[in-house]
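Peer 1: Supplied in structure tokens, the structure appears directly below.
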Amino acid sequence: MEKTITPEISNSVFQAVPLLIDFPTSRFWVDYDQEADVLYISFQRPQKATGTEMTDEGILFRYKGKQLVGITVLDASTRPLPDNVNLRQKAT
């Protein structure tokens, strides 16, 4: 899959940087399944989750024992940014 870096892609990356550096862990993997509209965030590779909790909002927390190893976000493209997130401000 070959993509050209467009100004829109660059802008999306720059907007995500403050959120990514403020993430609760320094190492994680992100995969997006566009057809299913599901975002996968993994804190371990491979995850090998043994349990899952699903919220009413369609977010799945994946555990290996008591350790959180991943998060799955259903209907990811429909999720708005929270009101308290301002991408133009520097993360503190």
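Nothing in this text is a laboratory measurement; each read-out follows from the coordinates by a stated rule. This one's a predicted model, so the numbers in the text were calculated from it and none came from an experiment. Positions of Cβ are generated from backbone atoms using ideal geometry, with glycine treated the same way; all protein chains shown enter the neighbour counts.
Peer 1: Let me know the shape class of region 26-78, please: from the alpha-carbon gyration tensor, a ≥ b ≥ c as square roots of the eigenvalues, rounded when a/c is under 1.5, otherwise prolate if a/b is greater than b/c, or oblate.
Peer 2: Since a/c reaches 1.5 but b/c is at least a/b, the shape of region 26-78 is classed as oblate.
Peer 1: Something else: May I ask you to list the chymotrypsin sites (Phe, Trp or Tyr not before Pro) in region 2-49 that are in a DSSP loop and have at most 16 other Cβ atoms within 10 Å of their Cβ?
Peer 2: Those satisfying the criteria are PHE28.
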